[in-house]
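Working notes, beginning with the structure itself.
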Amino acid sequence: MNVPGYRDQPTDAWDRIAPVDPSEAEDFLRRCYTENPRLGPVEPRLAVVRAQIAATGSYVHTTDELTYGAKMAWRNASRCIGRLYWRSLAVLDRRRARTADEIFSLLVAHLQFAGGAGRGTEPQKVPGAIRPVISVFAAAQPGQPYARVWNEQLIRYAGYRQRDGGCVGDPRQAGFTAAMQGFGWHGKGEAFDVLPLAIETPAEGVRLYELPDRAVLEVPLSHPEYGWFAELGLRWHAVPAIANMRLTVGGVQYPLAPFNGWYMSTEVGARNLADADRYDLLPTVADRIGLDVSRESTLWRDRALVELNRAVLFSFERAGVKMSDHHTESARFVAHLRNEEKAGRAVPADWTWIVPPMSGALTPVFHRYYAEMDLRPAFYLDEEAASLARDGTRGCPHAS
């Protein structure tokens, strides 16, 4: 049996004109109220929601419903290994924001809060005490335009294509960088230039905003043994805030709901900095160490990869910025599986994402099978959103 969202059966495209499905709303609300008895009986609430959908095509979540729905979406995120702490997600209700200026200000607040700053009356925390946060902006109404952020993540580094075919910075962001330059943005042309946020609203179109330094917590990279490593001038940002995935809760769609956890070290050291189509640093590290790169059987890539990841972990730890290694996070995921089994809930998981991109067979998540399910609430990456983040074009959305 094929499962939507996996392998050769993609999830159905979002129909932006269709009203909210009352059955999906009811399914979510019943589970939400069952798991949270303090909310009281669900039947009176269902009556109100059915009436709202009949009258408007949608309905409005209470703050409690939105908060728990966002946490459930993280719990259901099949590609995330860090779900043990799904209950700790801080949910910021930003549904009243409408203008690009308001949205930008709240996105800056998100990054500061996620990076360790206090919120409101909360005490100031140490920068680097990364916490899971989601900011949920206004829901999309059937057939109506909505606010969105074009960027793949709130913080990404620019990629500048060179005439010789090379790239300065992150090649993954080259198309998006060119699109931002088309809007008039000019970066420094360096390897770690933070891209502007492209915020689109129905009333204002697309506006670009430069993130202030206070919103971008970065860690300079060095190595516990090799002094030359710091001379490479590498760094990475501390908050991985995904910005272009749609949150769906009980049939209501939230196209602007950026969220973050904290980094697992291999995301930076074994993918962002190591992939051949990203910063491609393995040849550089191997050369500086003096490894034999004449043939693959010397395992020079593997040895360089370990040292690159050691540098990432060492640097984040020395800077006091929260990060987890792949062995620790794998053990936490197995603990999450046990917790959910005790609660009588299935755990959707995509093996190809759960197993770390380094030393996978040494982790407990490698030696298991997982249920592949498309459970909601959930996060989805729509084709148009992916196209905007890739090169600033709208692609071919399935529904208008």
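Here residue 88 clears all of (1) open to solvent by 60 Å² or more (accessible area, probe 1.4 Å); (2) within 30 Å of residue 324 (Cα to Cα); (3) touching a Phe, Trp or Tyr at 6+ places or on another chain (Cβ under 9 Å) except the condition numbered (3).
When restricted to residues that are under 19 Å from residue 378 (Cα atoms), part of a loop (DSSP other than H, G, I, E, B) and at pLDDT 95 or above, the stretch 1-35 contains 7.
Right, residue 140: more than 16 Å from residue 208 (Cβ to Cβ), open to solvent by 20 Å² or more (accessible area, probe 1.4 Å) and in contact (Cβ under 8 Å) with a residue 24 or more places away in the chain or not? No: the conditions fail for residue 140. Restricting attention to the stretch 331-346 and to residues that are without any contact (Cβ under 8 Å) to a residue 60 or more places away in the chain and of a type in the set (A, V, I, L, M), the residue that is farthest from residue 73 (Cα to Cα) turns out to be 331.
Pairing each residue of the stretch 31-54 that is among the β-branched types (Val, Ile, Thr) with any residue that is open to solvent by less than 50 Å² (accessible area, probe 1.4 Å) and in a helix (DSSP H, G or I), provided the two are 6+ apart or on different chains, yields C-beta distances under 9 Å for 42/29; 42/32; 42/33; 49/25; 49/29; 53/25. Across the stretch 371-393, the number of residues qualifying as under 29 Å from residue 25 (Cβ atoms) and free of Cβ contacts under 8 Å to residues at least 60 places away in the same chain comes to 2.
Among residues belonging to the stretch 268-280 that are open to solvent by 20 Å² or more (accessible area, probe 1.4 Å) and of a type outside the set (Asp, Glu), point out the one that is farthest from residue 93 (Cα to Cα). For the stretch 268-280, the residue satisfying everything is 276. Say we look at the stretch 291-324 and pick out the residues that are touching a residue at least 40 places away in the same chain (Cβ under 8 Å) and open to solvent by 70 Å² or more (accessible area, probe 1.4 Å); which of these is nearest to residue 358 (Cα to Cα)? Residue satisfying both the conditions and the ranking: 310. Restricting attention to the stretch 326-367, the residues that are β-branched (Val, Ile, Thr), surrounded by 20 or more Cβ atoms within 10 Å (Cβ to Cβ) and assigned to a helix (DSSP H, G or I) add up to 1. Residues that are open to solvent by less than 20 Å² (accessible area, probe 1.4 Å), without any contact (Cβ under 8 Å) to a residue 60 or more places away in the chain and not small (Gly, Ala, Ser): does the stretch 250-267 have at least one? No, because not a single residue in the stretch 250-267 is open to solvent by less than 20 Å² (accessible area, probe 1.4 Å), without any contact (Cβ under 8 Å) to a residue 60 or more places away in the chain and not small (Gly, Ala, Ser).
Just to be sure, is residue 99 in contact (Cβ under 8 Å) with a residue 60 or more places away in the chain, of a type in the set (Val, Ile, Thr) and surrounded by fewer than 21 Cβ atoms within 10 Å (Cβ to Cβ)? Judged against the criteria, residue 99 is a match.
For beta carbons closer than 6 Å, sequence separation of 6+ or different chains, a first residue in the stretch 14-27 that is open to solvent by less than 70 Å² (accessible area, probe 1.4 Å) and a second that is aliphatic (A, V, I, L, M) and in a loop (DSSP other than H, G, I, E, B), the qualifying pairs are 16/399. Residue 168 passes every criterion in (1) open to solvent by 40 Å² or more (accessible area, probe 1.4 Å); (2) more than 21 Å from residue 249 (Cα to Cα); (3) not in a strand (DSSP E or B) apart from (3). From the list 92, 46, 106, the one residue that fits, being in a helix (DSSP H, G or I) and within 23 Å of the chain's Cα centre (by Cα), is 106.
Scan the stretch 198-214 and tell me whether some residue there is open to solvent by 10 Å² or more (accessible area, probe 1.4 Å), part of a loop (DSSP other than H, G, I, E, B), in contact (Cβ under 8 Å) with a residue 60 or more places away in the chain and touching a strand residue (DSSP E or B) at 6+ places or on another chain (Cβ under 9 Å). Yes, the stretch 198-214 contains at least one residue that is open to solvent by 10 Å² or more (accessible area, probe 1.4 Å), part of a loop (DSSP other than H, G, I, E, B), in contact (Cβ under 8 Å) with a residue 60 or more places away in the chain and touching a strand residue (DSSP E or B) at 6+ places or on another chain (Cβ under 9 Å). If you go through the stretch 116-131 and keep only what is at pLDDT 95 or above and open to solvent by 10 Å² or more (accessible area, probe 1.4 Å), you end up with 129, 131.
In the condition set (1) modelled with pLDDT of 95 or more; (2) surrounded by fewer than 19 Cβ atoms within 10 Å (Cβ to Cβ); (3) in contact with a His (Cβ under 9 Å, 6 or more places away or on another chain), residue 64 is compliant with all but (3).
Would a scan of the stretch 198-210 turn up a residue that is closer than 19 Å to residue 279 by Cβ and in contact with a Gly (Cβ under 9 Å, 6 or more places away or on another chain)? No; the residues of the stretch 198-210 include none that is closer than 19 Å to residue 279 by Cβ and in contact with a Gly (Cβ under 9 Å, 6 or more places away or on another chain).
The values are calculated or read from the model by the stated rules, or taken from the named source; none is laboratory data. The shown structure was predicted, so the numbers you read here are calculated from the model rather than taken from an experiment. Because the Cβ atoms are built from the backbone with ideal geometry, glycine has one as well, and the counts that use them run over all protein chains shown. Accessible surface is based on the protein model in full, side chains and every heavy atom, while ligands, DNA and RNA are left aside. Shrake-Rupley method; radii C 1.70, N 1.55, O 1.52, S 1.80 Å.
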